[in-house]
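Have a look at the structure below, then the notes.
The values are calculated or read from the model by the stated rules, or taken from the named source; none is laboratory data. Since we're looking at a predicted model, the values are computed, not measured. Cβ coordinates were reconstructed from backbone atoms using ideal geometry, including for glycine residues, and neighbour counts include every protein chain displayed.
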Amino acid sequence: MKVICVSGVPGTGKTTLSKKLAKKLGFHYIDVNKIISKYRLSEGFDRKRRTKIIDTTKLNKALIKEINTLTKKSNDEKTNKKILKNKKFKKNIKKHYGIIIDSHLSHYLPAKYIDFCIITKCNIKELNKRLRKKHFNREKIKENLEAEIFDVCLNEAMERKHKIITIDTTKGFNIDNIIRKLGE
């Protein structure tokens, strides 16, 4: 089962790309915010940044658990498909051949769990517009623009030795070209 994490600075198009990619490939979609809630991983709230405080080590453990659970479930579905001979039942077995993990924290996962790490990028002027539209405060916009300028997510993914694909979402993206890059 392939596991692809989609990371990048907030506002660069991670969620849009992740959902479209998951739908097109028939992959499970994991919204890391839901995992944070499910496992109660928030360790407080940073009022200045207006964001939850997350321990990435604990998050990684929860994500690895989800990956293992979905991999096992997918393998069970493949076994069930072989057992069932009735075509009517075969159609109802959901096919998921991979996982898409959507979060600016997803690149913290160890490389051994990830087949590809997609880093979304965006032109600074466009990113500024997108972050304003999301009602980010000035300080948070500045912090995220600086993170984009200095390629923080890309550099951190490189440090973790991920197989990286960068996608510029400034003017949108072509999902079929991304799938080709993934080797699908």
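Worth pointing out:
- Among the residues of this structure, THR71 counts as one that is at pLDDT below 90, in a helix (DSSP H, G or I) and surrounded by fewer than 18 Cβ atoms within 10 Å (Cβ to Cβ).
- When residues of segment 42-54 are limited to those that are under 22 Å from LEU109 (Cα atoms) and in contact with a strand residue (DSSP E or B) (Cβ under 6 Å, 6 or more places away or on another chain), the one surrounded by the fewest Cβ atoms within 10 Å (Cβ to Cβ): GLY44
- Scanning segment 133-147 for residues that are surrounded by 13 or more Cβ atoms within 10 Å (Cβ to Cβ) and either touching a Ser or Thr at 6+ places or on another chain (Cβ under 8 Å) or of a type in the set (Lys, Arg) (or both) turns up LYS140, LYS142.
- Within segment 6-33, the set of residues being polar (S, T, N, Q), over 18 Å from LYS181 (Cα atoms) and touching a strand residue (DSSP E or B) at 6+ places or on another chain (Cβ under 8 Å) comprises THR12, THR15.
- Selection within segment 24-64 - among the basic types (Lys, Arg) and in contact with a helix residue (DSSP H, G or I) (Cβ under 9 Å, 6 or more places away or on another chain): LYS24, LYS38, LYS48, ARG49, ARG50, LYS52
- Remark: THR79 matches the filter, which requires a residue to be surrounded by fewer than 18 Cβ atoms within 10 Å (Cβ to Cβ), at pLDDT below 95 and of a type in the set (Ser, Thr, Tyr).
- Top-ranked residue of segment 1-53 - restricted to ones that are in a strand (DSSP E or B) and aromatic (Phe, Trp, Tyr), ranked as modelled with the lowest pLDDT: PHE45
- Extreme residue, surrounded by the most Cβ atoms within 10 Å (Cβ to Cβ), among residues of segment 148-162 that are touching a Gly at 6+ places or on another chain (Cβ under 9 Å) and closer than 14 Å to GLY11 by Cβ: CYS153
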